[in-house]
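To start, the structure under review is shown below, and the notes come after it.
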Amino acid sequence: MNEASARWYIEQCTFPALLNRNAVRFGQRAAQMWRGADGKVATITYAELWRVVKELASGLMALGVVKGDRVALMAHTSPDWMRTDYSILSAAGITVCIYPTQSREEMEYILNDSGSKIVFVQGEDNLEKALAVKGKVKGLEKIVMMEDEFSSSDSMVIDFKTLREMGIALLAKDKYEFEKRWRSVELTDKMTIVYTSGTTGMPKGAVHTHFSINAAANRDLRIVPEYRDDDVLMSFLPLAHTYERECGHTSAMLAAVPIAYSSPKTIVEDFQIFKPSVFMSVPRIYERVYMAMREQASKSKVKKFIFDRALATGLKVIEKRADENGFVDMSEGIDLTSGIGKWLGFKFHLYDKILFSKVRQLLGGRYRFAFSAAGSLPAELCKVFMAMGIRIIEGYGATETCNTINLNKLHRILPGSVGPVCVGVEGRVAEDGEWQVRGDNMITEYWNNPEATKDAFTADGFYKTGDIVEMLADGYIKIVDRKKGLMVLDTGKNVAANKIESKFSISRWVELVFPVGSERKYVTALVIPRFETLIDYYNTNNIPYDKSKLVFVEDPAPMCVEVGEDFIATDVLKKLVDEDIQRVNTELEEYERIKNYTILRRKLTQDDGEMTPTLKVKRKVVLDKYRDLIDAMYK
């Protein structure tokens, strides 16, 4: 089978047309899989999914939604998110994405800015937000609770069942009205408004069309390994972000493979249940997986010895396999021990049987590859997973570019880089080092913001990413930092905050470092220890601390987000944290080194507005919130 026929699924079409194609051609195939309230796996076929979408979309039409109307969606990743999205699109509407973790004020801003006519909400907490702001949102007509049956005393609120019944009634009068509506959607029509996470200010509504997102998905499918009929994509990142929605969902839809729904709370169990072959993730989740493995191995001296020796052997294998520029061939089916020597090969096979194969089995046993984006995947962490035979393809993009601008190739992975520019995308480095790109996958505009739209592009149509890059071998690039994250000391030296942060990705005692230094004489940092690891260490070594001061949240397992002052004041913690910081300092230039730091007793969180939904630190928020502590480090 030649390359063109193998990738039969690369197709230019609108999203209603895509779902209709799958219902017609693959009606009996599983489209969605999830765990129901009883814990059992439920499945819906493409034919059944099309029926649900048809009724929901017809219900929206009955409510008066016309072509081009904005309909907002505020929900966690779930089968219902995707069904709602496609129902909005099939009614020729525009889906407005709202993260379910966003505040009441942010919800109000997005609804007003987008001019949304209807909002879908999941969960009573988000319903409360919608009810609280409904009087402040001009033009809002209905709130749809994403449950089959839900009663409310407010006449604005209806449930899924009511909406579907309205759709069924409309279809009974004219079965072709829905057909005519979804077929009226054109490739160049606006499809969605995705509000940027706003790390530096108020979010902007990035407008994508059916054309731009379809172009983005086809771009990805030309590069990544070929999808197979038996593949399963597992989805757990926010669908309100373009990364999961396009790279994950849209690619799976084009390839007509099932989407299994999980969440960070159930991901470990769901790997065993759904046995996925592909998934999307972000660097911080890979960091947590690695730390969890290492902490588990530290439970006994024997386990720790085996883990350390196995990892050292695996990393030696990757080092041996790398070419002179650091490229590693991780093609599927390749023998990692080929050409590395008999003794090293023997040790690797031994440790693979003892440890690495069991780690891969924890991913369900059918794992092929995963992606990493929405932040830099540190080179050492990438190598750790490769050493265990786990392929992670790191890429880079933005909401405005509908994700992938650059992507590593499986047969030429360069740890620490985000790969070369993708086929179908043009890239160039501006005089100040900024990476600029253009292609069919770019946004058309920022909603209601022509000034921001103009500022985002060059005169010849290149999107200004705002990221400073370094060119590596064979056109691969490395993200140095955001232009706004690049710290300029008052000595004139440039320091990349991202470079310092990434050095702590596999640190045992330090979870996050927030470097500071712009217009200062030297670099300082706010430091957040790994509270869970230290709690275990304190308990094992009988180090006293006030347990009543610990604050835990489910994320996905119980995670400690705050400790008492006494916890961070111990000499033990200070010594362990300082050892990690001094280790990193030896790997930095003199002017980049952390000269002073303050240990925080609480983590940065989304709920406090310090992190974006994709787990990036909001630098401006943190700088403002901890201004006094930062100033004190320079006195």
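The values are calculated or read from the model by the stated rules, or taken from the named source; none is laboratory data. Keep in mind that this is a model prediction, so the values were computed, not measured. Note that we place each Cβ from the backbone using ideal geometry, even for glycine, and neighbour counts take in every protein chain shown.
Taken together, the criteria place LYS134 among residues that are over 20 Å from VAL53 (Cβ atoms) and either in the same structural domain as THR14 (by TED's automatic domain parsing) or in contact with a helix residue (DSSP H, G or I) (Cβ under 9 Å, 6 or more places away or on another chain) (or both). Just one of the listed residues (GLU394, GLU400) is within 21 Å of ASN218 (Cβ to Cβ), outside the structural domain of ILE267 (by TED's automatic domain parsing) and in a helix (DSSP H, G or I), namely GLU400.
May I ask you to say which residue of LEU131, LEU171 is under 22 Å from CYS97 (Cβ atoms), surrounded by 15 or more Cβ atoms within 10 Å (Cβ to Cβ) and of a type in the set (A, V, I, L, M)?
LEU131
Put simply, of ASN448, ASN494 the only residue that is within 30 Å of LYS521 (Cα to Cα), surrounded by fewer than 21 Cβ atoms within 10 Å (Cβ to Cβ) and either not aliphatic (A, V, I, L, M) or not assigned by TED's automatic domain parsing to the domain that holds ALA373 (or both) is ASN494. Looking at segment 524-543, which of the residues that are within 29 Å of the chain's Cα centre (by Cα) and either of a type in the set (S, T, N, Q) or in a strand (DSSP E or B) (or both) is modelled with the lowest pLDDT? Applying the filter and picking the extreme gives THR533. The listed residues are ILE44, ILE88, and the only one of them that is modelled with pLDDT of 95 or more and touching a Pro at 6+ places or on another chain (Cβ under 8 Å) turns out to be ILE44. Only one entry in ASP481, ASP467 is part of a strand (DSSP E or B), touching a helix residue (DSSP H, G or I) at 6+ places or on another chain (Cβ under 9 Å) and over 26 Å from LYS574 (Cβ atoms), namely ASP481. Filtering segment 91-106 down to residues that are out of contact with any strand residue (DSSP E or B) (no Cβ under 6 Å at 6 or more places or on another chain) and either modelled with pLDDT of 95 or more or part of a helix (DSSP H, G or I) (or both), which residue is nearest to SER155 (Cα to Cα)? Going through the qualifying residues, I end up with ARG104. The set of residues in segment 35-54 that are in contact (Cβ under 8 Å) with a residue 40 or more places away in the chain and surrounded by 20 or more Cβ atoms within 10 Å (Cβ to Cβ) comprises TYR46, VAL52, LYS54.
Hey, can you tell me all the residues within segment 304-332 that are outside any loop (DSSP other than H, G, I, E, B) and small (Gly, Ala, Ser)? Break it down into steps so the answer makes sense when it comes.
First, the residues of segment 304-332 that are outside any loop (DSSP other than H, G, I, E, B): 304-321, 328.
Residues satisfying the conditions are ALA310, ALA312, GLY314.
For segment 252-283, a tally of residues being assigned to a helix (DSSP H, G or I) and in contact with a strand residue (DSSP E or B) (Cβ under 9 Å, 6 or more places away or on another chain) returns 10. Exactly one residue out of LEU73, LEU63, LEU18 is touching a residue at least 60 places away in the same chain (Cβ under 8 Å), touching a Leu at 6+ places or on another chain (Cβ under 9 Å), more than 23 Å from LEU187 (Cα to Cα) and of a type in the set (A, V, I, L, M, F, W, C), and it is LEU63.
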